[in-house]
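These notes are about the structure you will find just below.
The values are calculated or read from the model by the stated rules, or taken from the named source; none is laboratory data. It should be emphasised that the depicted structure is a prediction, and the values quoted were computed from it without experimental measurement. Cβ sites come from the backbone with ideal geometry, for glycine too, and all protein chains shown count toward neighbours.
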Amino acid sequence: MEGRRTPHGGEAALTPEGRAIGVVTSGGFGPSVGRALAIAHLDRDARAPDADAAVGVRARRENLAGAVRPLPFYREGTARRPLRDFEG
């Protein structure tokens, strides 16, 4: 998601044109990436496995812009500990 405003579970995931394509299951601020994150169930045809597809979330009175991204969102450990601290 762009910015720090976090989406909440139950809010609609939208195409850039405003068509509903799914629902947010959870959201919050990710300190490791410095922005809001959301996990959503999307319609099968709305998923873009090879590209960062534009998506939005209708959050209260505003639309929040975001993108479909593969998991994991962040591959450098955590905000507090680098990944090398977790490796054997």
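Whenever a residue of region 21-42 is aromatic (Phe, Trp, Tyr), its partners that are surrounded by 19 or more Cβ atoms within 10 Å (Cβ to Cβ), lying with C-beta atoms within less than 7 angstrom and at least six residues away or across chains, give the pairs PHE29/THR6; PHE29/ALA36. The residues of region 37-51 that are more than 17 Å from PRO70 (Cβ to Cβ) and at pLDDT 85 or above amount to a single one, ASP43.
Within region 1-18, the set of residues being within 15 Å of ALA67 (Cα to Cα) and not in a strand (DSSP E or B) comprises MET1, GLU2, GLY3, ARG4, ARG5, THR6, PRO7, THR15, PRO16, GLU17, GLY18.
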